[in-house]
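Only one structure is covered here, and it is reproduced in the block below.
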Ligand SMILES: Cc1cc2nc3c(=O)[nH]c(=O)nc-3n(C[C@H](O)[C@H](O)[C@H](O)COP(=O)(O)O)c2cc1C
């Protein structure tokens, strides 16, 4: 087991590729954040006000995650990858983070986007990774940018 973990959520594959490539490059363990109910195409059509993604975002809803990271306590550095949704991490990432003890861990968030910057992603993630030693975040296009 590595002491570094790369966790990621990806609805459309872009963040998944970065996460996989980077984990392989640095020899880290990899965990995909999979919602208990996976997103269909219609679920993430944000142009539809009634789409699931909008209900979750604007209803501030938790999104239950399928499965758990084994031996989370054994990692001292955790990379957290996600697509920017509405200028921040998708709710499912926050729900995932709430389920673990982050005390003393170094957290590097990374995100892909359709054009938005990283914004306040690090600050917005902080309440969900309470006790982390440090949290930073960057926008990436590929594992080369990590
Ligand atoms: C519900 C939803 C909200 C999004 N909100 C933003 C946004 O605020 N800014 C942006 O630049 N891109 C936004 N995007 C585009 C994604 O961030 C971008 O396509 C990302 O690379 C997708 O990553 P994935 O393939 O790993 O899911 C949004 C996409 C979805 C589905």
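So the values come out like this:
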read-out	value
Selection count where residues are touching a strand residue (DSSP E or B) at 6+ places or on another chain (Cβ under 7 Å) and either near the ligand (Cβ under 9 Å from one of its atoms) or closer than 16 Å to residue 141 by Cα (or both), scope segment 16-27	6
Cβ pairs under 8 Å, 6+ apart, first in segment 92-117 and under 18 Å from residue 56 (Cα atoms), second within 16 Å of the ligand (Cβ to nearest atom) and in a loop (DSSP other than H, G, I, E, B)	92/9; 92/33; 92/63; 93/9; 93/33; 95/63; 96/9; 96/33
Any hit, segment 35-47, residues being more than 18 Å from residue 99 (Cα to Cα), away from the ligand (no atom under 11 Å from the Cβ), modelled with pLDDT of 95 or more and assigned to a loop (DSSP other than H, G, I, E, B)	yes
Unique residue being under 23 Å from residue 142 (Cα atoms) and at pLDDT 95 or above when the list is 74, 13	13
Whichever residue in segment 58-88 is in contact (Cβ under 8 Å) with a residue 60 or more places away in the chain and either in a strand (DSSP E or B) or within 15 Å of the ligand (Cβ to nearest atom) (or both) and, among such residues, is surrounded by the fewest Cβ atoms within 10 Å (Cβ to Cβ)	77
Conditions (1) more than 14 Å from the ligand (Cβ to nearest atom); (2) on the phi < 0 side of the Ramachandran plot: number failed by residue 6	(1)
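The values are calculated or read from the model by the stated rules, or taken from the named source; none is laboratory data. Owing to the predicted nature of the structure, the values given are computational and were not obtained by experimental measurement. Neighbour counts are summed over all protein chains in view; Cβ atoms, including those assigned to glycine, are modelled from backbone coordinates with ideal geometry.
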